[in-house]
Amino acid sequence: MNRVIHVALCILPLIAAGCRSGGGSDDGSQTGASAVDIAATASPASAYSVPSSASVDDLVALAIARHPSVAAARHKVERLESMVDQVSALPDPSAKVTAGQLAETAAGRVDGVIGVEQRIPFPGKRRARAERAHRQADVARAELDALRLSHAARVRDAYWRYYQAARTVGVLGESRAALVQMQESVDVRVRADKAAQQDLLKVGNELGLVDQKIITATAQVTAMRARLNSLLHRPVNAPLPSPRKPVPSRVSTALDAMIAEAQSRHPDVAAAKSRVAMFNAQQKMADLERWPDFAIGMQYGAVSNRGLAPSANGRDQFGATVGVTIPLWRKKLDAIDREAREGLAEAGDALAAVRSEVGYNVAAAVARVDSARRVVTLFESSILPDANQALELALVGYSADTEGFIDVIDAWRQSLAYQLQQVDNQAALGAAAAALKLAAGIE
């Protein structure tokens, strides 16, 4: 019995070494950061500087580099990649000690038995599990790219809303300054009895309406600045450079070529392809589950020379064991196979659906960009110049007493409405270009 104890004591250090080889400390506490530690030390929004010349693409690059949602997706990829070594490793060996009233042999009484056993999966199973884990990490990697793309789209959308609000404040401010000058001219004419007092009241009323719009637009600027800063992982009240006006440009690539490229490179398509590969690996695993696993082991029995038989000589026992699992329960195995086949069919249909959706999104985005560009060009080339000219003619006619003040106010209102509409048109053009990048898979 003492010999069994000695052998068991030799095995104990190996078990202890395995227990202490991970991230735990000597007192059993974990050296890794706890959830509380992570919550306390997570990187807060920082007021890092943004260059005054930063474009929307520069802001996109900053947002992707710093936003915690993107960082979380990167950690997910690394976490899933670490699964490859886990699922491809051999199971831990097992050891057991048997003591008590054991059998007595011709060589003497058996004091105790100690054995070790190692389970060995059927050839190919570990490789198939590693392949599936690897493909699952590929899915997460493609989802990371899709997240980067969608985050870039959110930044661009917020940027053009910020531009719309800021430029609206600017147009209203310029229009208010022109209205103040008009008010001064009307006041002079009223003092000279060349205009009615009600003309002056109309100007004051229009000034009040403009001030109301400025207040509303200024609040929108604050909100959009906060939104953009949150996407940049900065304090919501951090300063931002003035947004730039979008440049209307034609889509140079043919539509069919753009759709074909998007359907091959878009992160959503890549993720769907990776899911197909993942379920292919799962199908291999399901096929291999029908084959048995093996187990090999060794046993040592300590035999005492004290026994009833005259032949008792205390010769110890040594033996080897070989075993196999029996894949007996067909219902379970059939279900595993069916799960893999249905998953593969699901992934294949999802891939076809994603490609179809990507094609539609590209076609719709190209049409939207072309329409927005043409509207912006139309306003710049004819509508705005005509409205400004109409206002100038109304002012000249009012000065010459050939036009009433109501005609001036109408012309001014129309000019302001067209200028504000052009701001909306420009923001829509920027948003359309951003939607095209999202549809085409361009970060």
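Values quoted throughout were computed directly from the atomic coordinates according to the rules given, and no laboratory measurement underlies them. Note that the structure is predicted; figures quoted are calculated from it, not measured. Cβ coordinates were reconstructed from backbone atoms using ideal geometry, including for glycine residues, and neighbour counts include every protein chain displayed.
Below is a table of values for the structure above.
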| quantity | calculated |
| --- | --- |
| Tilt relative to the chain, helix 255-265 - C-alpha long axis, 0 to 90 degrees, to 10 | 30 degrees |
| 29 Å Cα-Cα threshold exceeded, pairs from Lys76/Lys437; Lys245/Lys437; Lys76/Lys96 | Lys76/Lys96 |
| Cα principal axis extents for region 267-376, largest first, Å | 111, 30, 13 |
| Region 379-389 - phi-based ³J(HN,Hα) in whole Hz, Karplus 6.51/-1.76/1.60, Gly and Pro as x | 5, 5, 7, 9, 5, 5, x, 5, 5, 5, 5 |
| 10 Å Cβ shell holding at most 11 others, DSSP loop, trypsin sites (Lys or Arg not before Pro): longest site-free stretch of the chain | 1-249 |
| Proportion of all alpha-carbon pairs of region 226-274 beyond 18 Å (%) | 64 percent |
| Highest-MSF residue in the chain out of Gly301, Gly348, Gly359 [GNM, Cα springs under 10 Å] | Gly301 |
| Cα-Cα pairs of region 383-443 separated by more than 17 Å (percent) | 54 percent |
| In order through region 357-364: 3J(HN,Hα) via Karplus (6.51 cos²θ - 1.76 cosθ + 1.60), integer Hz, x for Gly, Pro | 5, 4, x, 4, 4, 5, 4, 5 |
| Estimated dipole of region 195-237 in Debye, rounded to 20 [Cβ of Lys and Arg +1, of Asp and Glu -1, Cα centre] | 360 debye |
| Highest-MSF residue in the chain out of Val186, Val358, Val303 [GNM, Cα springs under 10 Å] | Val303 |
| Per-residue [θ]222 nm for the chain (sum of -39500 (n - 2.57) over DSSP H runs n ≥ 4, rounded to 500) | -23500 deg cm²/dmol |
| 26 Å Cα-Cα reach of Lys332 towards lysines, excluding residues that sit fewer than 8 places from it in its own chain | Lys125, Lys284 |
| Between helix 267-288 and the chain: long-axis angle, C-alpha atoms, 0 to 90°, nearest 10 | 20 degrees |
| Taking the C-alpha atoms of the chain, convex hull volume expressed per residue in Å³ | 207 Å³ |
| Under 21 Å from the Cα of Lys194 - lysines, other chains or at least 8 residues apart | Lys202 |
| Spread of Cα-to-Cα distances over 10 Å intervals beginning at zero, given as percent, for region 193-245 | 21, 29, 20, 15, 11, 3, 0 |
| Among Ala286, Ala295, Ala226: highest mean-square fluctuation, GNM of the chain, C-alpha pairs under 10 Å | Ala295 |
